[in-house]
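Scroll down for the structure; my scribbles are underneath it.
Please treat every number below as a calculation from the coordinates, not as lab data. Since we're looking at a predicted model, the values are computed, not measured. Reconstructed Cβ throughout: ideal geometry from the backbone, glycine too, with neighbour counts over all protein chains shown.
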Amino acid sequence: MEVYSSLTEVAKEIKNTNKKVTLLYAFNATGKTRLSMEFKDIVNESKDYKVIKHIVYYNAFTEDLFSWDNDIENDSERKLKINKNSSFIDLIERQGKENEIAERFKEFTSSKIEPNINTSTGEITFSLPTGDEESVENIKISKGEESIFIWSVFFVLMETIIAELNIDEISDRSTDEFNDIQYIFIDDPVTSLDDNNLIQLAISLREVIANSKSEELKFIITTHHALFYNVLFNEFKSERSIKANKKDFYFLQKNENMYLIKEQKDTPFGYHLFIKDVIQNAIDDNVVEKYHFMLFRNLLEKTASFLGYDNWGDLLIVEGMTDEERKAYIRFINLSSHNKISDLEAKELKQNEKNLLKLLFNNFKREYRWKELI
């Protein structure tokens, strides 16, 4: 465990490790948002009376760029407003990202709510199609949906930066405005999200970071949410496109005026208990999706490792199951767990596929005597 006297020292240590991905857990009030700002201050540079920005960040200040005009007088023209001085509105306007943001928002919320972005005024309205070529206009979305919309804007910005910096020849890039970016710092993009949206967010975040080929671009992610940390930990731990020596996982604590950082070789929380509950709730509510098979595979992998099995598939138990049936179950779980494959298919599972997870999961709990918490 390393001890630091200030968040500035912590920020310098993270910078000096030079890792592709740094994932850090810290309790609320530890100083994660301040850490992101300290990090910004040490990586940006001044040159010829101009600040050269080497970082793009998402934190509490990002959400502060958005505010609601609820049209209190008439209660009809509700709109979400973006600070016109923010880089977000510049990106949307210059790069023409309105449609991409709207599609990401609908994907992340699994809803038909349609954002309508007006870059000239910096205003966003939301409408809900009613299915008869009509729609309810100017609706007020929930706090969770608002968080997801703001995350969608940042996510599209991040995708754009990654795509541009993946092009080795600077002259071949469509814009030079991202050439100086070296870091993307993400602090707690999980405000007001339920567990399902949170898990989907973590998976999509890992996927887009895994697409980054630039050696110069680094990612720092901080969170206070145990489930979000655990999903990201396991996703990045198994991500083969990022070398093992290019990933760091930390637990940050504050002790009076000192900051303690402990490197994590495994998740510091009962991840297996988290995902067991998530899977059980999905089965109970009959809302099983493909990512629940991914979570089930993670649970099998951890249990197999703990019990000394070489292969997680050996833990699948069905009465009278043949070797060929076991291989088929393993193949289906693998296909459902690899999102790049499953994204090409329908997300809605058939009832017999949901029943399969229920069968395998219940047998797994019974065979290995998982305690049921009342």
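Estimated from helices alone, the mean residue ellipticity of the chain at 222 nm is -14000 deg cm²/dmol (sum of -39500 (n - 2.57) over DSSP H runs with n ≥ 4, per residue). Given their separation in residues at 0.36 nm each and the Cα-Cα distance between them, Arg331 and Lys140 gain 64.4 nm when the chain is fully extended. Here the Karplus curve 6.51 cos²θ - 1.76 cosθ + 1.60, taken at θ = phi - 60°, turns the phi angles of the stretch 242-257 into couplings of 10, 4, 4, 7, 10, 10, 10, 10, 10, 10, 9, 10, 10, 10, 6, 9 Hz, with x standing for Gly and Pro.
A DSSP coil position with no more than 14 other Cβ atoms inside 10 Å describes the following trypsin sites (Lys or Arg not before Pro) in the stretch 187-226: Lys213. For the stretch 63-140, the alpha-carbon radius of gyration amounts to 1.13 times the rule-of-thumb value 2.2 N^0.38 Å expected for a compact globular protein. Using C-alpha pairs below 8 Å separated by at least 6 residues, the relative contact order for the chain is 19 percent. Loop-located chymotrypsin sites (Phe, Trp or Tyr not before Pro) across the stretch 33-68 with a Cβ neighbour count of 16 or fewer within 10 Å are Tyr49, with loop assigned by DSSP.
When each full DSSP H helix of the chain is screened for a Cα extent of at least 30 Å along its own axis and an average Kyte-Doolittle hydropathy of at least 1.0, the helices passing are 143-165. If you wrap the stretch 135-232 in the convex hull of its Cα atoms and look at it from every side, the mean projected area works out to 8.0 nm². A convex hull fitted around the alpha carbon atoms of the stretch 63-108 yields 105 Å³ per residue.
A simple spin-label model places the labels of Phe61 and Ile170 2.6 nm from each other, with each point 7 Å out along Cα-to-Cβ.
When a/c reaches 1.5 or more, the comparison of a/b and b/c decides; with that in mind, is the stretch 271-367 rounded, prolate or oblate per its Cα gyration tensor? Rounded, because the longest to shortest axis ratio a/c is under 1.5. Taking GluC sites (Glu not before Pro) in DSSP loop states with no more than 14 other Cβ atoms inside 10 Å as exposed sites, the chain has its longest site-free stretch at 1-72.
Treat each spin label as a single point 7 Å out from the Cα along the C-beta direction, and report the Phe306 to Glu319 distance in nm. Roughly 2.6 nm, to one decimal.
Taking a point 7 Å out from the Cα of Asn83 in the direction of its Cβ, the residues of the stretch 115-151 whose backbone N falls within less than 20 Å of it are 118-125, 146-151. DSSP assigns beta bridges within the chain; of those with both partners inside it, close to 55 percent run antiparallel.
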